[in-house]
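Below is one structure, written out as structure tokens, with a few remarks after it.
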Amino acid sequence: MYTNTGYINLTDDELEDSSVPLKVNCCGVYRLITHPVMSTIRPFGRPDYQILYIASGKACFSFQDETVEVPAGNMVLYKPGEPQKYAYYLEDKPEVFWLHFTGKEAGELTIQAGFDDSRILYTGVSSKYQELFLTIIRELQLPRPCFEELAALHLMQLFLLVKRQREEGGFQKTEIQKVMEKTVHYFHENLSTDIEIDHYAKKLHMSTCWFIRSFKQYTGMPPRKYLTSIRVKKAQELLESTDYGIGEIGSIVGYDNPLYFSRIFKKQTGTSPAEYRKAAR
């Protein structure tokens, strides 16, 4: 399992803090690589709030003995003291960001974001959300001056982005959003093939420019960049969890030329595939 987390060392009594407007207690991301399932059960919940963002795949949540499959592009909120029961399954290829927070303004911020009527909120698949979660993780991992304030500021930014989308009427899936969602799934399922953006747009009866613009609006990045991103991410998983050769891994993720694969990988991660594997192990 790939995990990247950041914590503030707190006792259970300190998880709830009404002396500040907003405070991040911990934040992280989980991605299953080899483990078939990861489950969380907290019968009495936690003293703080928790928000989970399904960035890819899906996760299963149990609410009052009802199991709900929550696909990518949704956020789930747990309030303090609410029972928590959810699981991720390897076959669903999940990537889930999570964050625990507290503060006297925490409840009102969740309501403004749109969680007043439902604990599940469709927000779309966006790299902007992922970047904010990762920024918060980094702040918590390396406590520098004002790191708590900056982490809270980034969480506030996350809520404001969700609120803006809600007020602009962006939570209801339009036809173009449904098409882009199918495109994202297609890219993930066929990343080893040579996907030509022009040809794919033509199959959708769209111009290439319109397709690229729509995809970028939906995911936060152009389709070619998105493809590179998920290919490199898949390569990282294989380097961590298998003994395949680097050339084999490059071929699996869509790069038949090992040198080109290594160049792309290093450009994206700052290190070569061999160096990445060595550091991961």
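Over the chain, DSSP H runs of length four or greater, each weighted -39,500 (n - 2.57), average out per residue to a 222 nm ellipticity of -13500 deg cm²/dmol.
For the stretch 175-280, the relative contact order works out to 23 percent when only alpha carbon pairs closer than 8 Å and six or more residues apart are counted.
Express the relative contact order of the chain as a whole percentage, based on alpha carbon pairs under 8 Å and six or more residues apart in sequence. Normalised by residue count, the contact order of the chain is 17 percent.
Of the listed pairs 79/182; 85/216; 93/178; 163/234, which have alpha-carbon separations greater than 30 Å here? Please report the intermediate quantities before stating the final value.
Working: 79/182 32 Å; 85/216 34 Å; 93/178 20 Å; 163/234 32 Å.
Checking Cα-Cα distances, 79/182; 85/216; 163/234 exceed 30 Å.
Among 178-189, 5-16, 46-57, 224-235, what's the highest-first ranking by average C-beta atoms within 10 angstrom per residue? Please report the intermediate quantities before stating the final value.
Values: 178-189: 16.1, 5-16: 13.7, 46-57: 21.8, 224-235: 18.5.
My ranking of the peptides, most packed first, is 46-57, 224-235, 178-189, 5-16.
Rounded, prolate or oblate: which one fits the stretch 32-162, using the alpha carbon gyration tensor with axes a ≥ b ≥ c (rounded when a/c is under 1.5, else prolate when a/b beats b/c, else oblate)? It is prolate, given that a/c is not under 1.5 and a/b is the larger ratio. Rg/Rh for the stretch 194-250 stands at 1.13; both radii use Cα atoms, and Rh follows the Kirkwood definition.
Cβ under 15 Å from residue 145's Cβ, residue 145 left aside: what net charge do those residues give with Lys, Arg +1 and Asp, Glu -1? So the environment of residue 145 carries a net charge of -1.
If each Cα of the stretch 145-281 is one equal point scatterer, what is log10 of I(q)/I(0) from the Debye formula at q = 0.09, 0.21 Å⁻¹? Relative scattering, expressed as log10 I(q)/I(0), comes to -0.39, -1.13.
Taking Cα atoms only, the orientation of helix 208-219 departs from the longest principal axis of the chain by about 30 degrees. Under 20 Å between alpha carbons, and skipping anything fewer than 8 positions from residue 202 in its own chain: which aspartates and glutamates qualify? Correct list for residue 202: 175, 181, 189, 194. The long axis of helix 223-241 is offset from the longest Cα principal axis of the chain by roughly 80 degrees.
Could you tell me which of rounded, prolate or oblate describes the stretch 207-281, using a ≥ b ≥ c as the square roots of the eigenvalues of the alpha-carbon gyration tensor, with rounded for a/c under 1.5 and, failing that, prolate when a/b is larger than b/c and oblate otherwise? List each step's numbers first, then the result.
Working: a/c = 2.64, a/b = 2.21, b/c = 1.19.
It is prolate, given that a/c is not under 1.5 and a/b is the larger ratio.
For Rg/Rh (Cα atoms, Kirkwood Rh), several values are listed as (1) 0.98; (2) 1.07; (3) 0.93; flag the one computed from this structure. After the calculation, the listed value that fits is (1).
All of the numbers you see were taken from the coordinates with simple rules; none came from a lab. Worth saying up front: this structure is predicted, and the values here are computed from it rather than measured. Heads up, the Cβs are rebuilt from the backbone with ideal geometry, glycines too, and the neighbour counts pull from every protein chain shown.
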